[in-house]
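First the structure, in the form of structure tokens, and then the observations on it.
The values are calculated or read from the model by the stated rules, or taken from the named source; none is laboratory data. Nothing here was measured: the structure is a model prediction, and the numbers come from that model. Here the Cβ is made from the backbone with ideal geometry for all residues, glycine too, and neighbour counts use every protein chain on show. Just so you know, the surface numbers come from the protein's heavy atoms only, side chains and all, with ligands and any DNA or RNA stripped out. Shrake-Rupley method; radii C 1.70, N 1.55, O 1.52, S 1.80 Å.
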Amino acid sequence: MGDRAETRERTVVLPSADSSPKKTTRGPTILFFGTSLTAGYGLQPEQAYPAVIEKKAEEAGVPITAVNAGVSGETSAGALRRIDWALKSPADVIVIETGANDALRGLSVEAAKSNIEQIVAKAKHAQPKARIVLVEMLAPPNLGRGYTAGFQKMYSTVAREEKVVLVPFFLDGVAGRPELNQEDGIHPNAAGARLVADNVWRVLKPIVADIQGQ
């Protein structure tokens, strides 16, 4: 997320989480727009949570095409500058994961909220038919109770006001568990990424099923 090594990493937006030439595109396209947590920092591409979700969807009989648009080290301000480019390709669902690096830098809740609101607005404008999903993040406890409470509330407030779907805490069951994280204690390892995929897929699965049922 915010360390120096991470900021040198960049993940290119791929046409699919599985780019095998034998693969055929089926089902709705889900754009996973986010930070290193989405990009799969320190992992193989197929271990990043969007790729894991693509496999889960296939196994569940509701296949999707996952597009990983994660960029390491990105803040919500950076995401706001980049979102127009990411939205050039059509998607049926847009998953927005941002803010973790804001919290690490102690960015004000008001500034982060404004950036996220603008990202959602751009997504709605560029792709009005797409379902939008916002991923909730938490701030480190060392920033104080007031900040951490306000930061968490920000996501549910934006989701309610913008009428988008909210994924409860993205790293639930993973954060703070050394056996599920890499040596930096921040980024999930392969096992942790599978649990993150479970957290997100729990919300995405009914959305995907609804789209396919139309």
Checklist outcome for this item: Just one listed residue, out of Pro21, Pro15, Pro63, is modelled with pLDDT of 95 or more, within 28 Å of Gln212 (Cβ to Cβ) and either over 14 Å from the mean Cα position of the chain (by Cα) or assigned to a helix (DSSP H, G or I) (or both), and it is Pro63
Checklist entry - Any residue in segment 134-144 that is surrounded by fewer than 19 Cβ atoms within 10 Å (Cβ to Cβ) and on the phi > 0 side of the Ramachandran plot? => result yes
Checklist entry - Could you say whether any residue in segment 161-169 is among the aliphatic types (A, V, I, L, M), open to solvent by less than 50 Å² (accessible area, probe 1.4 Å) and farther than 21 Å from Ser76 by Cβ? => result no
Checklist outcome for this item: Sole miss for Leu80 among (1) buried (at least 24 other Cβ atoms within 10 Å of the Cβ); (2) in contact with a helix residue (DSSP H, G or I) (Cβ under 6 Å, 6 or more places away or on another chain); (3) not acidic (Asp, Glu) is condition (1)
Checklist outcome for this item: Of Ala193, Ala149, the only residue that is in a helix (DSSP H, G or I), within 15 Å of the chain's Cα centre (by Cα), at pLDDT 95 or above and of a type in the set (A, V, I, L, M) is Ala193
Checklist entry - So, of the residues in segment 110-144 that are in a helix (DSSP H, G or I), modelled with pLDDT of 95 or more and over 19 Å from Gly78 (Cβ atoms), which turns out to be farthest from the chain's Cα centre (by Cα)? => result His125
Next on the checklist: Out of everything in segment 145-156 that is open to solvent by 20 Å² or more (accessible area, probe 1.4 Å) and of a type outside the set (Lys, Arg), what residue ends up being farthest from Thr98 (Cα to Cα)?
Outcome noted: Gly146
Checklist entry - Just checking, which of Asp172, Asp198 is acidic (Asp, Glu) and either part of a helix (DSSP H, G or I) or over 17 Å from the mean Cα position of the chain (by Cα) (or both)? => result Asp198
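Each row is one residue, and each column tells you yes or no for (1) farther than 26 Å from Ile186 by Cα; (2) out of contact with any strand residue (DSSP E or B) (no Cβ under 8 Å at 6 or more places or on another chain).
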site: Asp92; (1), (2): yes, no
site: Ala103; (1), (2): no, yes
site: Ile119; (1), (2): no, no
site: Ala126; (1), (2): yes, yes
Checklist entry - Just checking, how many residues over segment 83-109 are touching a helix residue (DSSP H, G or I) at 6+ places or on another chain (Cβ under 8 Å), open to solvent by 10 Å² or more (accessible area, probe 1.4 Å), part of a helix (DSSP H, G or I) and more than 20 Å from Ile30 (Cβ to Cβ)? => result 1
